[in-house]
Amino acid sequence: MAELARVSRQTVTRAMNDMDGISAETRQRVLEAARTLGYHPSRFGRGLVRHDHHTLGLVISNLLNPYYPEFASAVVARAAERDWNVVLLDCNGAEHERTMITRMADQVDALIGYIHLGREELDRRMPGVPVVWVDAAGKRDHPNGVVFDLRPGLQAAVDQLLAHGVQHPVMLDTRSHDGPSDRAREFVRIMADHAVRARHVHAGGDQLQDGIEATGKIIQDLPKTDAIMCFNDIMAFGALKALRLQGRDVPGDVRVIGIDGLAAGTYVTPQLTSLALDMTDVAAAAVDIALGRLDGSIPDSSRRARRKVRHRLVIRESG
């Protein structure tokens, strides 16, 4: 464009960004060159140059899991309220995450989400960029994070099940690489406090098919089961399907409760009882910590910036 219009690159920048310092005739010549070459300015690139747009990197694990689109939607809405753009990084494991973050390091002003990499590595790859871990309860060395408090919701779920006479509950957990999940341990413990033994069953993963297959085995191996507490809503959908295929009535024969409170829980029959997170609260907490670190409202002297969001029991038809 500069060559065709017979001007400097700086003049092209001024003309395309409607800046002062050039004549109307020169500006028109540059715009005509742009039309001749079919050039259209990149809004993203323009924001990087002018620094009047800020970009938040959002790391999630799997867009096929309905949890993450709900979370991402809430983050985008909160970021928009603060006049920020969002770049989505859908990462499958730490190595993929490492590659994508390295590519995006100079294009984001802050990073939030479900991040596998640790603080020291991120400090090397993204020096000076605030990072906020979501579901950070087990990441004690990370200074910024949103922590989920599941205990009040689990206590309410146990109370709900016991009020309906449940005596043989099962905790359907995810894969067993690191032993029982925190969710499973807490559910079993609360049930034990009420003198009820909750059996613990590992599935092969935390997806729909894992819930279907594991529930099939539960029906076969533990026929007295009268309640299944699932690691997440996706597995609970699988449990509902397996119980229906086996002719078990929900909630008459077996009660089913999930964790996450996905909107999709209202699309199944019976509708899923679940321990729900308010995604608006989660997104607001994560975005506000990141931006607070940048604008100084959360000073660097605050070594840890954490926000707690509680699960709550949403009673529908299955529980």
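Where residues in region 154-197 are over 20 Å from residue 234 (Cα atoms) and in contact with an Asp or Glu (Cβ under 6 Å, 6 or more places away or on another chain), which of them is surrounded by the fewest Cβ atoms within 10 Å (Cβ to Cβ)?
Result: 168.
Exactly one of these conditions fails for residue 205: (1) outside any loop (DSSP other than H, G, I, E, B); (2) at pLDDT below 95. Give me its number.
(1)
Against the condition in a helix (DSSP H, G or I) and either under 12 Å from the mean Cα position of the chain (by Cα) or acidic (Asp, Glu) (or both), how does residue 146 come out, does it pass?
no
Contact list please: Cβ distance under 7 Å, first residue in region 153-170 and without any contact (Cβ under 8 Å) to a residue 12 or more places away in the chain, second residue of a type outside the set (D, E, K, R) and assigned to a helix (DSSP H, G or I), pairs at least six apart or on different chains.
none
So which residues in region 35-73 are modelled with pLDDT of 85 or more and either assigned to a strand (DSSP E or B) or farther than 30 Å from residue 265 by Cβ (or both)?
Hits for region 35-73 are 36, 55, 56, 57, 58, 59, 60.
Let me spell it out: the conditions are (1) touching a strand residue (DSSP E or B) at 6+ places or on another chain (Cβ under 6 Å); (2) surrounded by 24 or more Cβ atoms within 10 Å (Cβ to Cβ), and residue 200 meets all of them except one. Which number is the exception?
(2)
Only one of (1) at pLDDT 95 or above; (2) surrounded by fewer than 18 Cβ atoms within 10 Å (Cβ to Cβ); (3) over 15 Å from residue 315 (Cα atoms) is not met by residue 212, so which one is it?
The single condition residue 212 does not satisfy is (2).
Quick check on residue 296: is it modelled with pLDDT under 95 and at positive phi?
When the stated conditions are applied, residue 296 passes them.
I'm trying to understand the selection: among the residues of region 101-124, which are closer than 23 Å to residue 54 by Cβ and free of Cβ contacts under 8 Å to residues at least 40 places away in the same chain?
102, 103, 105, 106, 117, 119, 122, 123, 124
The values are calculated or read from the model by the stated rules, or taken from the named source; none is laboratory data. These numbers come from a predicted model, not from an experiment. When we count neighbours, we look across all protein chains shown, and the Cβ atoms used for this are built from the backbone with ideal geometry, even at glycine.
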